[in-house]
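Read-outs throughout are calculated quantities, based only on the coordinates presented, and are distinct from any laboratory measurement. Note that the coordinates shown come from a computational prediction; the quantities given were computed from them, not determined experimentally. Cβ atoms come from the backbone with ideal geometry, glycine included; neighbour counts cover every protein chain shown.
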Protein chains: 2
Amino acid sequence: MGQVRPRRAPEGVSLRSMTQVAAPKASRRTPADKHDERRKALAESALRTLGELGYARASLREIANNSEFSHGVVHYYFNDKLELIVYCVRYYKQTCVHRYDGVVAEATSPEDLAERFGDKLVETIVEEAPMHRLWYDLRSQSMFEESLREAVAQIDQSLEDMIARVLGRYAELAGVEPAIASPVAYGMFDGIFQQALLGYLNGRDGVLEDLRARVVELMPMLLAPRA
Amino acid sequence: MGQVRPRRAPEGVSLRSMTQVAAPKASRRTPADKHDERRKALAESALRTLGELGYARASLREIANNSEFSHGVVHYYFNDKLELIVYCVRYYKQTCVHRYDGVVAEATSPEDLAERFGDKLVETIVEEAPMHRLWYDLRSQSMFEESLREAVAQIDQSLEDMIARVLGRYAELAGVEPAIASPVAYGMFDGIFQQALLGYLNGRDGVLEDLRARVVELMPMLLAPRA
DNA sequence: CGCGAATCTTGACGAGTGTCAAGATTTATT
DNA sequence: AATAAATCTTGACACTCGTCAAGATTCGCG
């Protein structure tokens, strides 16, 4: 009786599926890969609904309705709602972490980097506002829900690392050291980004231009004075 | 049929109850004041539960259970759950806005002000962490729930004004102008405060000392260089 | 094809939710 | 003290939720 279901990922996201977006072509399609692909497809579909309604208001039925699946299938691929949502946000945040890799690689001067960085920040607000508010929703929920904290802490760390790469390259191009440690830089940028996101969702005019200008204005202040 | 209940505050919080904490002693106790006092008592009680469980998980029954009221009375003083919660957060945030008035008034030097400010920030995390996470919860929810945005925007504005007073006095004591506009300053401080709050709730060591140090380190960077 | 495993659908269960109304109780007023 | 208004309790209604299990369907391999 019971225990009908086959093996499941023991917890969270399998290592392979998190560290590698595209499956290697070596083995054409193992059943384990199929399972992971299905999870991703479900996650991508769920992300739309989650980004629209947020964590608390997005029911599993609503998520399933806006997808090609039925509401029961969720429990086939995820142990519970929390695991689904953590998987979704992790899956999405994977791309966030590398959003500015091009900026870091291609910038030719400090000023150039600052402007490209500001542009990208504005761009992602316009194109992915629902995803970002979902992330802030999840992070806020983690302040109440103990079981969310580990995943949130990991994502936060990877975002901090991303900011550290941007600021590090910026300082390198300027030939100086950053004046502040990366946690501080991340906290600051996250704060003004969140502020801009909220303003954007509120329909306030000028928030995007302001964000861009603030980033460009702020970056030079984060550099140590020349020796 | 229906419509049994007497007059209600048409929406949100009455002006008098928001702008004045203690009722004037002129009229000893008008029935309207009694009504407001009861709302405040209910709000204070609700804030405990809301700070513990957050917006979505705190049911009206749970809120009432942790108070001297029954669950039905909520709808006597508030039109719905949303109105109650907005009232609660507004009620609490009133005190936040003036938390640093003493710091601004008593500081004798820029360094003194920065240290007092850092101390106060640390203090409020330790003493009122549940209230702060409730605020961040509500603000995140406002990204999804249109009807929360006006209240959130007002509170955000009053917090920005508070930061502007702190930074303005700091610059005044230093004899220079601030290098950044107040929205930027608010965004930054809010970001690192939120970061510290999250770390504190995660039980990470050193977050409070870090917050204090970061504020003290950051403040001088927000001043324009001497002319 | 055939058979077992994997996948998916369907329907239900129980718990919990916001809301509301009818009546009990308290308070204020005359 | 009597009457009306204000306040509070109680219990219910209609609904949604996450979860789960039993059965249907599809898939993959011999």
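Rounded to the nearest whole Hz, the Karplus-based 3J(HN,Hα) values (6.51 cos²θ - 1.76 cosθ + 1.60, θ = phi - 60°) of the range A:143-157 follow the sequence 6, 9, 9, 3, 5, 8, 5, 4, 4, 4, 4, 5, 5, 4, 4, with x at glycine and proline. Counting from the shortest, the label point at B:GLY175, 7 Å from Cα toward Cβ, is 3.3 nm from the same position in each remaining copy. Anisotropy class assigned to the range A:151-218 is oblate, per the alpha carbon gyration tensor with a/c at or over the 1.5 cut-off and a/b no larger than b/c. Once C-alpha pairs closer than 8 Å and six or more residues apart are averaged by separation and normalised to the residue number of chain A, the relative contact order reads 20 percent. Classified by the C-alpha gyration tensor, the protein assembly as shown has an oblate form. Its axis ratio a/c, with a ≥ b ≥ c, is 1.5 or above, and a/b does not exceed b/c.
Residues considered: A:LEU138, A:LEU198, A:LEU113. Largest GNM mean-square fluctuation over chain A, using C-alpha springs under 10 Å, is found at A:LEU198.
Among B:ALA43, B:ALA179, B:ALA164, the largest mean-square fluctuation in a Gaussian network model of chain B (Cα springs under 10 Å) belongs to B:ALA179. Net charge of the neighbourhood of B:VAL103, taken over other residues with C-beta under 14 Å away and scored Lys/Arg +1, Asp/Glu -1, is -2. With the Cα gyration tensor of the range A:47-156 giving a ≥ b ≥ c as the square roots of its eigenvalues, does the rule (a/c under 1.5 for rounded; else a/b larger than b/c for prolate; else oblate) give rounded, prolate or oblate? Verdict is prolate for the range A:47-156. In nanometers and ordered shortest first, the copy-to-copy spacing of the B:GLU145 label point, defined 7 Å from Cα toward Cβ, is 1.6.
Local charge for B:GLY51 was computed over the other residues whose Cβ lies under 10 Å away, with Lys and Arg +1 and Asp and Glu -1, and equals -1.
Averaged over the residues of peptide A:142-149, the number of Cβ atoms from other protein chains lying within 10 Å of each residue's Cβ is 5. Whole angstrom only: what separates the Cα centroid of the range B:32-80 from the Cα centroid of the range A:87-138? After rounding, the separation between the Cα centres reads 40 Å. With chain A treated as a Gaussian network of Cα nodes joined by springs under 10 Å, which of A:THR108, A:THR49, A:THR124 yields the largest mean-square fluctuation? Fluctuation is largest for A:THR108. Since only A:TYR77, A:LEU138, A:LEU47 are under comparison, the one whose Cα sits farthest along the positive direction of the charge dipole of chain A, derived from C-beta charges on Lys, Arg, Asp and Glu, is A:TYR77.
For A:LEU223, the residues whose amide H sits under 5 Å from its own are A:ALA179, ignoring neighbours fewer than 5 places away on the same chain, with H placed 1.01 Å from N. Could you tell me how many degrees, from 0 to 90 and to the nearest 10, lie between the Cα long axis of helix B:182-201 and the main elongation axis, the longest principal axis, of the Cα atoms of chain B? Rounded to the nearest ten degrees, it is 70.
In chain B, the longest principal axis of the Cα atoms and the axis of helix B:81-97 are about 30 degrees apart.
Any chance you could give the angle, 0 to 90 degrees and rounded to 10, that helix A:31-57 forms with the longest Cα principal axis of chain A? That helix lies at roughly 70 degrees to the long axis.
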